[in-house]
1. Has segment 172-187 got at least one residue that is open to solvent by 40 Å² or more (accessible area, probe 1.4 Å), under 22 Å from Val213 (Cα atoms) and at pLDDT 90 or above?
2. In the list Leu221, Leu234, which residue meets the criterion of being within 30 Å of Asp142 (Cβ to Cβ) and touching a Ser or Thr at 6+ places or on another chain (Cβ under 8 Å)?
3. Taking Lys319 and the conditions (1) among the basic types (Lys, Arg); (2) open to solvent by less than 50 Å² (accessible area, probe 1.4 Å); (3) more than 30 Å from Ala126 (Cα to Cα), which numbered condition does it fall short on, given that it satisfies the others?
4. Any idea which of Phe301, Phe274 is of a type in the set (A, V, I, L, M, F, W, C) and open to solvent by 50 Å² or more (accessible area, probe 1.4 Å)?
5. Just a yes or no: is a residue in segment 205-215 more than 23 Å from Ser103 (Cβ to Cβ), open to solvent by less than 40 Å² (accessible area, probe 1.4 Å), in a loop (DSSP other than H, G, I, E, B) and modelled with pLDDT of 90 or more?
6. Could you list all residues from segment 190-204 that are part of a helix (DSSP H, G or I) and out of contact with any Leu (no Cβ under 9 Å at 6 or more places or on another chain)?
7. Test Leu250 against the stated conditions and say whether it is at pLDDT 90 or above and either assigned to a helix (DSSP H, G or I) or surrounded by 24 or more Cβ atoms within 10 Å (Cβ to Cβ) (or both).
8. Which pairs turn up if I take residues in segment 182-198 that are over 16 Å from Leu237 (Cβ atoms) and look for partners that are among the charged types (D, E, K, R) and part of a helix (DSSP H, G or I) with beta carbon separation below 6 Å, at least 6 apart in sequence or on another chain?
Amino acid sequence: MTTDLDERLADLRRQPHWPAAERTVILEQVLSTDPTPDRADIRLTSSRTPRRRRAAVLVTAAGLAAAACIAVPAVLPAGTPGSADQAAAVQALHQLAHIAAVSPSDQLGPHQYLHLVDVEHQQALADQPAVESRFEDWIRADGQTWQRRIERSGSGPNQEEVWLLPPGPQAIDGMTAPQYLDRLPTDPAALEAYVRAHSVGSTSADERVFVAVSDIVRRGLAKPNLRSAAIDVLAHLGHVRLGDVTRDSLGNPVQSFEFVDPSGRPGDIQVLMFDTRTAQITEERDYFHGKLHFTRTVPVFEVVSSVPAGIRDTAIAQK
């Protein structure tokens, strides 16, 4: 038996799930089929301006217990590849990906709409005032969206606008249209290669993928096989650890995951909370220098048969 600590850790550490050589081959295959990214490809990251974005069935008790008991070296720094908390996150993400694969997706009929309410709170930061936002969307199957936006900056009055967003493959405030999602690979390795090649911004490649995958999964428009693949991509990233939150602020049972990069973003944490019954994201939080800076919750997620007349009559068409 070796007594060298590095060799012992190397022996205990799991082999990489996706070797670098295989990544390169898949990336070349992806790029050869889509050598020129279109405008929608680049917009994998959220476009809402208030947020300080980075430019980003129940889980069985036995399954979570197994994830918590993985035999890996506990002496590695938290959040680094190979550490105990990352290994637990990997196991929990694979379980969540399985839930996503078997959960039913919302199939919108010709006269149905996905009705969403998205509530965001951004704390004051430096010379920027606090911002409170509420976005209410009615999304048609082809991606056409009626949106009511209510925002308040600092102590100012509420500002309300009603928009009509066109259909088609485009990014809409961190939520891509169904047609664009349908173009994405559903194999986890190919999806990660595609996202790495077509997304921009953030401090590191892993963070860029984390933010882009969040945008793909958010709001349930991705079909089960794509949501499953996207969640599996998170399991391949470094700096993703298992969080300790088990209920979101709305009371939903969740499994939380945190992206931490002590060297690239010291004191910052990005948190995703997935409903353990559906694998949908129900809440997100950003911590800046150790303090909660941003939250997003989704109190309403349902399919409806119409858009309110008042919204249709007042919506301003956007290009």
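The values are calculated or read from the model by the stated rules, or taken from the named source; none is laboratory data. In this text the structure is predicted, and so the values were computed from the model without any measurement. With ideal geometry, Cβ positions are generated from the backbone for all residues, glycine too; neighbour counts draw on all protein chains shown. Accessible surface areas use protein heavy atoms only, side chains included; no ligands, DNA or RNA. Shrake-Rupley method; radii C 1.70, N 1.55, O 1.52, S 1.80 Å.
1. Looking for residues that are open to solvent by 40 Å² or more (accessible area, probe 1.4 Å), under 22 Å from Val213 (Cα atoms) and at pLDDT 90 or above, one finds at least one in segment 172-187, hence yes.
2. Checking each option against the conditions leaves just Leu221.
3. Tallying (1) among the basic types (Lys, Arg); (2) open to solvent by less than 50 Å² (accessible area, probe 1.4 Å); (3) more than 30 Å from Ala126 (Cα to Cα), Lys319 fails exactly one: (2).
4. Phe301
5. The answer is no; no qualifying residue exists.
6. Answer for segment 190-204, where residues must be part of a helix (DSSP H, G or I) and out of contact with any Leu (no Cβ under 9 Å at 6 or more places or on another chain): there is none.
7. It is false that Leu250 is at pLDDT 90 or above and either assigned to a helix (DSSP H, G or I) or surrounded by 24 or more Cβ atoms within 10 Å (Cβ to Cβ) (or both).
8. His198/Asp41
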